[in-house]
Amino acid sequence: MKQRLKDLTRELAALPGVSGNEAPIVKVLAEKMTGLADELTVDRHGNVMAVKHGSSDGPKLMVAAHSDIIGCIVRSVDDAGFLRLFAVGGVIDALLVGRKVLVNDVPGIIGARPGHIQSDAEKRVVTPLADLYVDLGARSAAEVADLGITIGSPIRYLSSVEEMANPDLLCGAYIDNRLSCAILLETLAGLPSDFAGSVHAVINVHEETGFRGAKMTAYAVHPDVAIALDTTPGAGTPDVDFYHELPLDIGRGPVFQVASQGGGAGFTSHPAVLQWLIDSADSAGRDYQLAALPNANTDAAIIHMSRGGIPTGALTISRRYSHSPVELIDLNDAEAAVQILLQAVSTVGDLDLSFI
């Protein structure tokens, strides 16, 4: 299973999909899910909703990941052929200078002033995104246009997912959230034939820009219970205080979010769903971590408020160096997530969602 998760993650992370431009990744995910589901729908915004029916009546379970990635789009093109940037999602200015990027699929470089002419003070200052530019090697706006690039063309890091010395560790750009898409595919492929109810495997668009796809799919699916799949920031490094800032690390099992806050939305796990995830992890014999995160969120923030309210949990995978081109995860956590999800599906018919 770990090898399949590794191969899927590397394949999916290489595909375009900056928020608002998810068509390439959506097409591939829909193709991969078609043979695993009884029904599949792709709506007009690119949300993918696949359904697998169980052998008996029971609840409608939605398990949702998101397809989009952070990045930029082209804001302007000057007469000399240099591109200016417009941020899409949680892009970090300090990680942009001197990076290789793809504009559509055209390679480029985010420029940097020569170190030889920078003052000591300048070397210590982060260049704001508004002052950055992409160099495609073009010499005019007309040459840029000939490359098929225009205002709004998506820009993403050129940083492939690679193994570390420990082959269970993967590092690269866009593990958030292509790893969770791989987990969802592996779970859908491993579903037993005798579970109760139905599983709705959902891939949302626009998560990085405000959980917009989740609002659409939660309303459309109208599930009885939901689980959001995502990655989440992790510690374990010298520059993060484990207990005071971020008591999570890679290799310690999936993270069940008790509560989270960020981006103008908050989430508190439904107690019955949280306990169901914990019981499922115990039954599967896999470790897990619990987290209350003040500055991180998932699609669960929107799903749980849809319609009359949906009992929701968030199962996430800890990653180091979040929203960077070198995100780092442990595949053992991803494997455990699949096993926990399959165990949860096997008992979903016994889930009591009453609050009192």
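Looking at the stretch 267-282, can you tell me whether even one residue there is part of a loop (DSSP other than H, G, I, E, B), at positive phi and free of Cβ contacts under 8 Å to residues at least 60 places away in the same chain?
No, there is no match, as no residue in the stretch 267-282 is part of a loop (DSSP other than H, G, I, E, B), at positive phi and free of Cβ contacts under 8 Å to residues at least 60 places away in the same chain.
Quick check on my filter: what residues within the stretch 318-344 are among the aliphatic types (A, V, I, L, M) and in a helix (DSSP H, G or I)?
Across the stretch 318-344, the qualifying residues are Leu331, Ala334, Ala336, Ala337, Val338, Ile340, Leu341, Leu342, Ala344.
Name the one entry in Leu229, Leu248 that is in a loop (DSSP other than H, G, I, E, B), within 19 Å of the chain's Cα centre (by Cα) and among the aliphatic types (A, V, I, L, M).
Leu248 is the lone residue from the list that is in a loop (DSSP other than H, G, I, E, B), within 19 Å of the chain's Cα centre (by Cα) and among the aliphatic types (A, V, I, L, M).
For residues that are at pLDDT 95 or above and not small (Gly, Ala, Ser), scanning just the stretch 306-316, find the one that is nearest to the chain's Cα centre (by Cα).
Residue satisfying both the conditions and the ranking: Thr316.
Buried (at least 24 other Cβ atoms within 10 Å of the Cβ) and out of contact with any helix residue (DSSP H, G or I) (no Cβ under 6 Å at 6 or more places or on another chain), is that true of Gly210?
no
Has the stretch 8-24 got at least one residue that is of a type in the set (S, T, N, Q), touching a strand residue (DSSP E or B) at 6+ places or on another chain (Cβ under 9 Å) and not assigned by TED's automatic domain parsing to the domain that holds Asp333?
Checked the stretch 8-24: no residue is of a type in the set (S, T, N, Q), touching a strand residue (DSSP E or B) at 6+ places or on another chain (Cβ under 9 Å) and not assigned by TED's automatic domain parsing to the domain that holds Asp333.
Of Ser67, Ser76, which residue is of a type in the set (S, T, N, Q) and under 28 Å from Asp299 (Cβ atoms)?
Step by step, each of Ser67, Ser76 is checked, and only Ser67 is of a type in the set (S, T, N, Q) and under 28 Å from Asp299 (Cβ atoms).
Which residue out of Asp176, Asp146 is surrounded by fewer than 21 Cβ atoms within 10 Å (Cβ to Cβ) and at negative phi?
Going through Asp176, Asp146 in turn, the sole match is Asp146.
With (1) within 15 Å of His200 (Cβ to Cβ); (2) out of contact with any Lys or Arg (no Cβ under 9 Å at 6 or more places or on another chain); (3) aliphatic (A, V, I, L, M) as the list, and Leu36 as the residue in question, which single condition is left unmet?
Of (1) within 15 Å of His200 (Cβ to Cβ); (2) out of contact with any Lys or Arg (no Cβ under 9 Å at 6 or more places or on another chain); (3) aliphatic (A, V, I, L, M), only one is false for Leu36: (2).
Checking Leu40 against (1) assigned to a helix (DSSP H, G or I); (2) without any contact (Cβ under 8 Å) to a residue 12 or more places away in the chain, which test does it fail?
Tallying (1) assigned to a helix (DSSP H, G or I); (2) without any contact (Cβ under 8 Å) to a residue 12 or more places away in the chain, Leu40 fails exactly one: (1).
Regarding Gly148, is this residue modelled with pLDDT of 95 or more and within 30 Å of His200 (Cα to Cα)?
no
What do you reckon, is Ser354 surrounded by fewer than 19 Cβ atoms within 10 Å (Cβ to Cβ) and hydroxyl-bearing (Ser, Thr, Tyr)?
Yes, satisfied.
The values are calculated or read from the model by the stated rules, or taken from the named source; none is laboratory data. Everything numeric in this text was worked out from a predicted model, so none of it was measured. So basically every Cβ, Gly included, is an ideal-geometry build from the backbone, and we count neighbours across all protein chains shown.
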